[in-house]
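Some notes on the structure that comes next.
The values are calculated or read from the model by the stated rules, or taken from the named source; none is laboratory data. These numbers come from a predicted model, not from an experiment. Cβ coordinates were reconstructed from backbone atoms using ideal geometry, including for glycine residues, and neighbour counts include every protein chain displayed.
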Amino acid sequence: MKVELICFIILVQIFFSNCNKPKTFDELLEDLKKDIKMRKMAIAGADNPETLKTSIEAKNMKIGDSIFIGNEERIKSRAKENNLDISGFEIINIDDPIEICRYSVKMVHDGKADMLVKGSVETRDLLKAILDEEIGLKSKELMNLIGVFEMDGKLTFLTDISVIPYPSLDVKVQLINNAVKLAHYIGIETPKVAAITGLSVSNTRMPETMEAEKLTEMNIKGEIKDCIVDGPLSLDLAISPESAQIKYVHRRVNGDADIILFPDVHAANIAYKILTHLSDSKNGNILLGTTKPVISTSRSDSVQTKLNSMILGFWFDKFKSPNN
């Protein structure tokens with residue numbers, strides 16, 4: 001009887017624990033609204049209409065206020081062209097793109113802003129400032145960009161979608177660790193990681209499959225912690241329970257992956273853009289391996305994508321490791 005009672009209590013705890021975990025961007029947003037802190041964002045190159053709209057929306061939601069850094073005349077012109085009221089925002093007038101990046105990064109480095117957001121500046125210029133040893137935001141961890149998609153009522157993480165072209169085995173371990181940390185911030189205690197390749201079996205002629213198998217072995221041995229890693233897996237077996245059932249495949253990840261580790265940046269970036277432009281899923285992205293949140297969305301990304309990315313950044317700021 002005591003054993004049955006203990007089992008019942010454990011099941012109840014698991015149930016309520018899962019219920020409390022945010023599963024969508026809206027749920028993440030609702031939790032942020034309960035936080036009394038109004039986070040400050042440094043917008044590098046604020047003469048981007050979609051970024052201006054997102055900043056206004058974040059302020060109206062009382063989750064974040066922005067400082068616009070860039071050419072003041074262009075910022076005000078873009079706002080006027082799009083019927084946007086930016087009268088309540090601070091503008092720091094800098095014309096040179098390199099100086100815009102450096103000033104924006106230094107603001108966050110010095111604690112004058114909580115988060116860095118890319119506006120109209122070039123990614124390479126912003127990254128150069130982020131990596132600057134004196135004013136930068138690089139942490140001791142690997143720096144990479146992770147995409148987060150809301151699909152079928154859950155959040156799924158894609159890595160690495162932009163920074164590292166051909167990750168080695170050691171780098172893939174770091175990519176997993178970064179993604180797992182972000183998943184922990186959001187409340188996924190033991191995320192499932194799918195190391196995907198073109199096949200679901202190892203093949204010596206396909207090094208990616210052998211590395212995926214090695215990652216699984218490392219996880220089983222406890223060398224990769226706080227998650228469940230399975231690979232090699234094809235994409236359908238990683239994200240589709242129906243495919244796993246039809247194919248009678250029983251793996252550690254059975255169509256329920258939280259994190260998808262791609263073999264290289266080409267596969268990851270193509271998948272990211274297919275999901276962004278050809279599906280109804282919501283998405284955002286965040287740069288990891290930094291001491292403070294960095295949002296590096298594309299200039300063409302929608303207001304919703306930029307807002308979702310800011311939400312991820314706010315969660316990073318709220319729950320980031322004190323060791324960073």
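Points to keep in mind about this one:
- Flag if K282 is among the charged types (D, E, K, R), crowded, with 16+ Cβ neighbours inside 10 Å and modelled with pLDDT under 90: no
Okay, residues lined up against (1) under 21 Å from I75 (Cβ atoms); (2) touching a residue at least 12 places away in the same chain (Cβ under 8 Å):
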{"site": "K23", "(1), (2)": "no, yes"}
{"site": "D26", "(1), (2)": "no, no"}
{"site": "L29", "(1), (2)": "no, yes"}
{"site": "K33", "(1), (2)": "no, yes"}
{"site": "M41", "(1), (2)": "yes, yes"}
{"site": "L52", "(1), (2)": "yes, yes"}
{"site": "K59", "(1), (2)": "yes, yes"}
{"site": "K62", "(1), (2)": "no, yes"}
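- Only a single item in (1) surrounded by 22 or more Cβ atoms within 10 Å (Cβ to Cβ); (2) over 14 Å from the mean Cα position of the chain (by Cα) is not met by R299, and it is number (1).
- Selected residue [of a type in the set (S, T, N, Q) and crowded, with 21+ Cβ neighbours inside 10 Å] from S87, S77, S104: S104
- Qualifying residue in the stretch 263-276 (condition: among the hydroxyl-bearing types (S, T, Y), surrounded by fewer than 20 Cβ atoms within 10 Å (Cβ to Cβ) and either assigned to a loop (DSSP other than H, G, I, E, B) or not assigned by TED's automatic domain parsing to the domain that holds V173 (or both)): no
- Selection within the stretch 235-256 - of a type outside the set (D, E, K, R) and assigned to a loop (DSSP other than H, G, I, E, B): S240, Y248, V249, H250, V253, N254, G255
- L116 fulfils the conditions (1) in the same structural domain as W315 (by TED's automatic domain parsing); (2) surrounded by fewer than 21 Cβ atoms within 10 Å (Cβ to Cβ); (3) in a strand (DSSP E or B) except for a single criterion, (2).
- Checked against (1) of a type in the set (A, V, I, L, M, F, W, C); (2) under 30 Å from K140 (Cα atoms); (3) assigned to a helix (DSSP H, G or I), L287 meets all criteria but (3).
- Evaluated against (1) touching a Lys or Arg at 6+ places or on another chain (Cβ under 7 Å); (2) crowded, with 20+ Cβ neighbours inside 10 Å, K292 falls short on exactly one condition, (1).
- The single residue among D256, D280 that is over 19 Å from A195 (Cα atoms), among the charged types (D, E, K, R) and assigned by TED's automatic domain parsing to the domain that holds T197 turns out to be D280.
- The stretch 195-220, subset part of a loop (DSSP other than H, G, I, E, B) and of a type outside the set (V, I, T), residue surrounded by the most Cβ atoms within 10 Å (Cβ to Cβ): S200
- Screening the stretch 77-107 for residues that are under 15 Å from N48 (Cα atoms) and assigned to a helix (DSSP H, G or I) and picking the one that is nearest to the chain's Cα centre (by Cα) gives C101.
- H250 being within 30 Å of K128 (Cα to Cα) and either touching a Pro at 6+ places or on another chain (Cβ under 8 Å) or without any contact (Cβ under 8 Å) to a residue 12 or more places away in the chain (or both): no
- Checked against the criterion of being without any contact (Cβ under 8 Å) to a residue 60 or more places away in the chain and touching a Cys at 6+ places or on another chain (Cβ under 8 Å), the stretch 263-285 contains not a single residue that satisfies it.
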